[in-house]
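K.L.:
Shown below is the structure under consideration.
The values are calculated or read from the model by the stated rules, or taken from the named source; none is laboratory data. All figures in this text were calculated on a predicted structure; none of them were measured in a lab. Every residue, glycine among them, receives a Cβ derived from its backbone with ideal geometry; neighbour counts consider all protein chains shown. Surface accessibility is based on the protein's heavy atoms, side chains included, excluding ligands, DNA and RNA. Shrake-Rupley method; radii C 1.70, N 1.55, O 1.52, S 1.80 Å.
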Amino acid sequence: MAWLRRALWLLLGLLVLAAAVAGVYATRASPVIDGTLTMPGLREPVRIERDAHGIPTIKAANRNDALYALGVVHAQDRLWQLETHRRIGAGRLAEAFGEGALESDRFLRALGVRRAAQAQWAALKPDSRDALQAYAAGVNTVIRDHLRARPPEMVILGLQPEDWEPADSLAWAIMMAWDLGANWGTELTRMRLSARLPLARIHEVLPPYPGEQPLLRADYAAMLREWKLGATATAVLDPMLDQAFERLAAAAPPSGIEGAGSNNWVVAGSHTTTGKPLLANDPHLKLSTPALWYFVRIEAPGLTVAGASMPGLPLVVLGQNDRIAWGFTNTGPDVQDLYLERLNPDNAEQVQTPEGWEPLAIAQDLIKVKGRPDVPITLRTSRHGPIISDAGLLDDLLGRKPTVAIAMRWTALDNDADAVGVGLAMNRADNVSAFIEAAKGWVAPMQNMVVADRDGAIGWIAPGRVPLRKAANDLSGQAPAPGWDIRYDWNGWLAPDQLPQERDPARGWIATANQRVVAADYPHYITSEWAPPFRQQRIEQMLQARPKHSIDDLRAMQADVKSLAVASVLPWLQRAKAEHPLAAAAQSALEGFDGTMAPERAAPLILWAWQRHLTRLVFADELGPVYERLIATRTLRDALDGVLARNDGWWCDDKSTAVAETCDQLNDRALAAALDELRASQGDDVARWQWGRAHQARSEHRPFSRVKALARWFELRTPVGGDTFTVNVSRVLYKPDAATGEYYLNEHGPSLRALYDLGDPVQSRFMHSSGQSGIPWSRWYNSFVRPWAEVDYVPVYARGAPVATLNLQPAR
């Protein structure tokens, strides 16, 4: 037995050693937040005070030192997030994650995000360059001189941090514009649907905004035949080409996600209990671990501001300074157009233009892939923009050279975009007029910006570069256009003074929620991608419900989970007659349901499960593989509403059967399928079913949410109420989660909530969805999850003594 005792002692010793090593690593991987650090490149001393929530207050003698320190705290707390931002913008994911990320890299290289960022960097004004260089210097000083141990993700993946470059910041700004864009994917979908459906049916799947008419006037299927994209003379689209377009869409980073929008509203002092304006904002973005946002306070001459920064960018994106507060929502403009470039059959390096065959700009690139040989890629650019089909996915699938290429024209890739310079000007603005004037230089993404100042003024502007399209353009940016036809070229830009805007309205408030923000007689085309108006209507209901609002009233509005979208579909659900043992109990659970999507209730769960099954039964047979692409980004609720309102037997008929099904029959089947699903997942007792058990806010960790053994340590989850159409948004996912197979997860929601008091800034408050730190064992890694779910907040401005103080000293 002596050998067994020795073995046990050896095992114990190894465990103690492993614990000691882990402890040492955990300590060294945590940032130094107390004491003094020497920082090369700093001009004057800087003081960084962190409060009990891990939020730093940066006190600097000049702006550039403050932005240097912002780079320092971002690198200290979010180095892995910076690494992923840099790799996404550069199309270098496969180098870290392997072959599974190769198609994404190929798309990003073809799109040319990093190339555009470098061109923007070359064209920037000196002040913007100074800001970006100061920020990059702060990040790089942490990496080079003060990184005692790499973040765990880098250790596990075997990666070393690289220097941050100013172009990395600009590339990430472009990627944020991509996240909030939508039109290119809808254009591609319309082209694919043209091979399956007549134009009138396409308009029913992708209906216009309520009260508007469809913009696409041309017989697009006939145009596709004319361009000879079919496998035969009469075919609209070659099936292999259709598959290639699906691969292209799948390779692209997600964009235009339904539910990825925002709310903001500003209330004039005449309608508040304080007599000064109150402003609310909650941007709805991808929930991630750590959150996209990082709270910071900056005190420097000419730059005193607090709010939500974004790791990678040298500014406060959303927040409050000593004179104003501001908030954004997405406008959803149509600033992306796809062009089919006809290739010269005798020279694939030329495309047809109105003046004849012209050469493409061509470059060669190399994609590094972890564990695999490097992959060469040829990158081409037409007069419209990058050839995104150079991701290679068309050639690979077709097995032959295609006759067309797909180019993208997109404002965010323009060389003269300067999001940093304009953003810093907004940070410095001291009244509503100055903010709106600064905002007119904004290029992308177009946003609804509300603003208020301490003098009592309120305002709104939707700045961004909006293309003008010619009257002869019968596609109106709704589908890929022939690149050789000059009718479809853009015709300049909407002038800044013509942008939608409003100041000090008599009603006493301004609100936006991604709905149509222009009146019916507005003379310019902005977009056809407005969000359904349910959130806006609910916000207006609550604003009009009382004569004066307090900041606590605004908090209640941000917490509201009543969905006005329920009214149009609930009667159909309640009349469903499923032959199912739980049908009576389910209908009982729906009694008195008014659309309040409370997490503890069964009714929201039954409604969404029924909607999911009914949507599939109605549309999947007609749409074929395009159906799966559509539900990856939207619920098709507007299309379903139309079918049910018309009781449209054409859609309700299952084309795969010989009999003609009715909408009532599909309605019954959908309820039965939903009840089978919910019984399997939540048991036989309907009274114990809960929306929040299925509908969890999932903050994805890149990449470890996809690694089952690691997901529990890195990913953050919490049950939530609400749905895609509530003010307290929590987007419902119809497609099963790729990692877990779960339905109804919420992966897009209020990434940030903020309430700003212009009369008493001490009352201003905010919250984001994770915590300040990106280090999993930090007390500030998940400290915001519970208060975020409960719609609670922390103060924008620090209260009490700091819990840690770091002094940055210049190297002499």
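K.L.:
Could you compute how much accessible surface VAL517 exposes when probed at 1.4 Å, giving the result in Å² to the nearest 10?
P.N.:
Surface open to solvent at VAL517 totals about 30 Å².
K.L.:
Could you order peptides 183-192, 679-688, 94-103 by the average number of other Cβ atoms within 10 Å of their residues, highest first?
P.N.:
Peptide ranking by packing, descending: 183-192, 94-103, 679-688.
K.L.:
Excluding TYR220 itself, calculate the net charge of residues whose Cβ lies under 14 Å from the Cβ of TYR220, where each Lys or Arg counts +1 and each Asp or Glu counts -1.
P.N.:
Here the charged neighbours net out to +1.
K.L.:
Report, in debye and to the nearest 20, how large the dipole of the chain comes out about its Cα centre when Lys and Arg carry +1 and Asp and Glu carry -1 on their Cβ.
P.N.:
The calculation lands at about 1940 debye.
K.L.:
At 1.4 Å probe radius, can you tell me the per residue accessible area of the chain in Å²?
P.N.:
Ligands and nucleic acids excluded, the figure is 37 Å² per residue.
K.L.:
Go through LYS228, LYS470 and list them by solvent-accessible area, largest first, probe radius 1.4 Å.
P.N.:
LYS228, LYS470
K.L.:
Please give the Cα centre distance for region 585-640 versus region 743-798, rounded to the nearest Å.
P.N.:
30
K.L.:
Order the peptides 362-368, 81-87 from the highest to the lowest mean number of other Cβ atoms within 10 Å of their residues.
P.N.:
Ranking, from highest mean packing down: 81-87, 362-368.
K.L.:
Arranged from highest to lowest average of other beta-carbon atoms within 10 Å per residue, in what order do the peptides 600-608, 24-32 appear?
P.N.:
600-608, 24-32
K.L.:
Turning to a different aspect of this structure: For LYS286, which sequence-distant residues (separation of 5 or more, or a different chain) have an amide H within less than 5 Å of its own amide H, given hydrogens modelled in the peptide plane?
P.N.:
Hits under the 5 Å cutoff: none.
K.L.:
Specify which residue in the list THR381, GLN587, VAL803 is farthest towards the positive end of the charge dipole of the chain, using unit charges on the beta carbon of Lys, Arg (+1) and Asp, Glu (-1), about the Cα centre.
P.N.:
Of the options given, the answer is VAL803.
K.L.:
For region 1-74 and region 669-692, what is the separation of their Cα centres, given in Å?
P.N.:
Cα centroid to Cα centroid, the span is 47 Å.
K.L.:
Of the options LEU70, ILE458, ILE775, report the single residue whose Cα projects farthest towards the positive end of the charge dipole of the chain (beta-carbon charges: Lys, Arg +1; Asp, Glu -1).
P.N.:
ILE775
K.L.:
With +1 on each Lys and Arg Cβ and -1 on each Asp and Glu Cβ, how big is the dipole of region 263-382 about its Cα centre, in debye rounded to the nearest 20?
P.N.:
Approximately 740 debye in magnitude.
K.L.:
Next up: Report the Cα centroid-to-centroid distance between region 513-567 and region 278-304 in angstrom, as an integer.
P.N.:
Using only Cα atoms to place each centre, the spacing works out to 22 Å.
K.L.:
Taking the Cβ of ARG679 as the center, what net charge do the other residues with Cβ under 13 Å away carry, scoring Lys and Arg +1 and Asp and Glu -1?
P.N.:
Summing Lys/Arg as +1 and Asp/Glu as -1 gives -3.
K.L.:
How large is the dipole of region 346-467 about the Cα centre if only Lys and Arg carry +1 and Asp and Glu carry -1, each at its Cβ, rounded to the nearest 20 debye?
P.N.:
The calculation lands at about 360 debye.
K.L.:
So how much accessible area does LYS548 have, in Å² to the nearest 10, using a 1.4 Å probe?
P.N.:
For LYS548, the solvent-accessible surface is approximately 100 Å².
K.L.:
Further question on the same structure: Per residue of region 268-283, what does 6.51 cos²θ - 1.76 cosθ + 1.60 with θ = phi - 60° give for ³J(HN,Hα)? Whole Hz please, x for Gly and Pro, Karplus curve as stated.
P.N.:
Result, ordered by residue: 5, x, 5, 10, 10, 6, 8, x, 10, x, 10, 9, 10, 8, 9, x Hz.
K.L.:
Note the listed values (i) 44; (ii) 26; (iii) 30, then indicate which one is percent of Cα pairs over 45 Å apart calculated from this particular structure.
P.N.:
(ii)
K.L.:
Of GLN498, ALA660, TRP650, which is farthest on the positive side of the dipole of the chain, counting Cα position, with +1 on Lys and Arg Cβ, -1 on Asp and Glu Cβ, and the Cα centre as origin?
P.N.:
Farthest along the dipole direction, towards plus: GLN498.
K.L.:
Through the Karplus equation 6.51 cos²θ - 1.76 cosθ + 1.60, θ set to phi - 60°, convert the phi angles of region 502-516 into ³J(HN,Hα) values in whole Hz; use x for Gly and Pro.
P.N.:
7, 9, 6, x, 4, 5, x, 7, 9, 9, 9, 8, 6, 6, 5
K.L.:
Moving on to the next point. Please list 3J(HN,Hα) in residue order for region 600-617, calculated via the Karplus relation 6.51 cos²θ - 1.76 cosθ + 1.60 where θ = phi - 60°; whole Hz, with x for glycine and proline.
P.N.:
3J(HN,Hα) across region 600-617, in whole Hz: 8, 9, 8, 4, x, 5, 4, 4, 6, 5, 5, 4, 4, 5, 5, 4, 5, 4.
K.L.:
Per DSSP H run of at least 4 residues, take -39500 (n - 2.57); add these up for the chain, divide by its residues and hand me the 222 nm value, nearest 500 deg cm²/dmol.
P.N.:
-11000 deg cm²/dmol
K.L.:
Which residues' amide hydrogens lie under 5 Å from the amide hydrogen of THR353, considering only partners 5 or more residues apart or on another chain, with H built in the peptide plane?
P.N.:
GLU358
K.L.:
Right, here's the next one. Enter the accessible area of ARG247 (Å², nearest 10), with the probe set to 1.4 Å and all protein chains included.
P.N.:
Roll a 1.4 Å probe over it and ARG247 shows about 70 Å².
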